[in-house]
Amino acid sequence: MQMDHIPAAYVLLADFGQGLLRTLQTVLPELSSDDEAVKTAFTKRISGRMPECRGNGLKFVLQNIQEHSWCMYYHSGNAICEIDNKNIDFRHSDLCYYGCMALILF
């Protein structure tokens, strides 16, 4: 993650649940990898809470991170998403994280 400044604060969220892929497969059963699930979550208006009409989806998190010039590292399964105010980078990881983890730098 490239940062132009040292963050004044950060928030770390961790969830040792079923992970993003399994959660989104309830809505999009055709998803077959963590990489696909993470990219879908950050680029499409979708929530694994459907049809409950709850949850905003990570696309809105992406917008807020970029609008406020923050940075975020997100890891679920074998997929990583890194965001700063200008870029979004999706990549595969050899490390498998069960559940999901998000680190937001302010």
Would you point out the residue of segment 62-106, among those that are under 17 Å from residue 20 (Cα atoms) and of a type in the set (Ser, Thr, Tyr), that is surrounded by the most Cβ atoms within 10 Å (Cβ to Cβ)?
-> 76
Unmet criterion (only one of (1) modelled with pLDDT of 90 or more; (2) open to solvent by less than 40 Å² (accessible area, probe 1.4 Å); (3) of a type outside the set (A, V, I, L, M)) for residue 29 | (2)
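The values are calculated or read from the model by the stated rules, or taken from the named source; none is laboratory data. The model shown is predicted, which means the values in this text are computed figures rather than measured ones. Cβ sites come from the backbone with ideal geometry, for glycine too, and all protein chains shown count toward neighbours. For accessibility, only protein heavy atoms count, side chains too; no ligands or nucleic acids. Shrake-Rupley method; radii C 1.70, N 1.55, O 1.52, S 1.80 Å.
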